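The values are calculated or read from the model by the stated rules, or taken from the named source; none is laboratory data. Note that the structure is predicted; figures quoted are calculated from it, not measured. Don't worry about glycine lacking a Cβ; one is built from the backbone with ideal geometry, like all the others, and counts go over all protein chains shown. What goes into the accessible areas is simple: the full protein's heavy atoms, side chains included, and nothing from ligands, DNA or RNA. Shrake-Rupley method; radii C 1.70, N 1.55, O 1.52, S 1.80 Å.
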Amino acid sequence: MPRNDAELIDEVGQALWGPAWKGPMADAVRHQKNVIADWASGHVPVPAGVWSELAVLMRKRRHELDRLGSRVQRAHDTALRRTIELTKRAKHP
């Protein structure tokens, strides 16, 4: 059976939902968890429509992360400036 499907569905599931990915994936693609387990075991091939749905979910997640990237960078820069200022003040009270 489609071992490559099983490996890829596991990688996609873990990337999107972490180690306990089967339940959230079942909800997201509207299939029973036991069907997801069949895909993950390689006993049943993953349908094309599910791959399409996962591709859409991955694009959405990528977009969400891209939007957060600049905010996280600004937060980092602000925290770094604050740390530098506090260090300077501690050395020269």
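For this structure, a couple of remarks:
- Candidates GLY69, GLY42, GLY23, ranked by Gaussian network fluctuation over the chain, Cα under 10 Å, top entry: GLY69
- Each Lys and Arg adds +1 at its Cβ and each Asp and Glu adds -1 at its Cβ; summed about the Cα centre, the chain shows a dipole of about 880 debye.
- Rolling a 1.4 Å probe over the protein heavy atoms leaves SER41 with an accessible area of roughly 50 Å².
- One compactness figure for the chain is 1.71, namely its Cα radius of gyration divided by 2.2 N^0.38 Å.
- HN-Hα J in Hz across the stretch 32-39 - Karplus 6.51, -1.76, 1.60, θ = phi - 60°, x for Gly and Pro: 5, 4, 5, 5, 4, 4, 5, 5
- Vicinal HN-Hα couplings computed from phi for the stretch 16-30 (Karplus, 6.51 cos²θ - 1.76 cosθ + 1.60; Hz; Gly/Pro x): 7, 10, x, x, 9, 7, 5, x, x, 5, 4, 5, 5, 9, 6
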